[in-house]
Amino acid sequence: MDNRVYGKMVRDNIPSIIIDRGQRPIYRTIPASELELRFNLKLKEELDEIVQARTVEHKTEELADLLEVIYGYTDFLGVDRNELQRVRLMKLEQRGGYSDRHYLVSVEDALTDEEIRDREDADFLERMMANPKFKGTDLYIKEKLDERNNAITTTITE
């Protein structure tokens, strides 16, 4: 007799499908106190299966499985699927999606008000240098740009 142990949450119809194949499933109903843990484990299982899938068709099947687990989880939490969609769309509007394929490497500390003014001053000075009307003041402008660049370099290295 072949006896395979699974020890995992399965879809509602799996016990019936096993019976229809002439096998006997040994299963239990997951108590509410354990359900959140089981959903968390099922989410990880489905994510692993997506990563391991090699074809678009297989990945699509696994993504559908993941979506079903998410729907089951939201039902367990008492969150309406329309509410889930509303929150998803709100976050999409506020933070965007993933179509731009951004990969965040790091975030620098925010500039101080003084550093912002220095950058604005430097931008102004660079525009002045590019303007032929201020041709005679190039040396002064260059000195100011050098001062600004030294200040920024010192701030970055500190």
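Per residue, the Cα convex hull of the stretch 14-95 amounts to 149 Å³. Using θ = phi - 60° in the Karplus curve 6.51 cos²θ - 1.76 cosθ + 1.60, the 3J(HN,Hα) couplings for the stretch 45-57 round to 4, 5, 4, 4, 5, 5, 4, 7, 5, 9, 10, 4, 4 Hz; x is entered for Gly and Pro. Is the shape of the stretch 1-45 best called rounded, prolate or oblate, per the rule: a/c under 1.5 gives rounded, else a/b larger than b/c gives prolate, else oblate, with a ≥ b ≥ c the square roots of the Cα gyration tensor eigenvalues? Judged from the Cα gyration tensor, the stretch 1-45 comes out prolate (a/c at least 1.5, a/b above b/c).
Here, each number is a calculation from the coordinates, and none is a lab measurement. In this text, all values refer to a predicted model and were calculated from it rather than measured experimentally.
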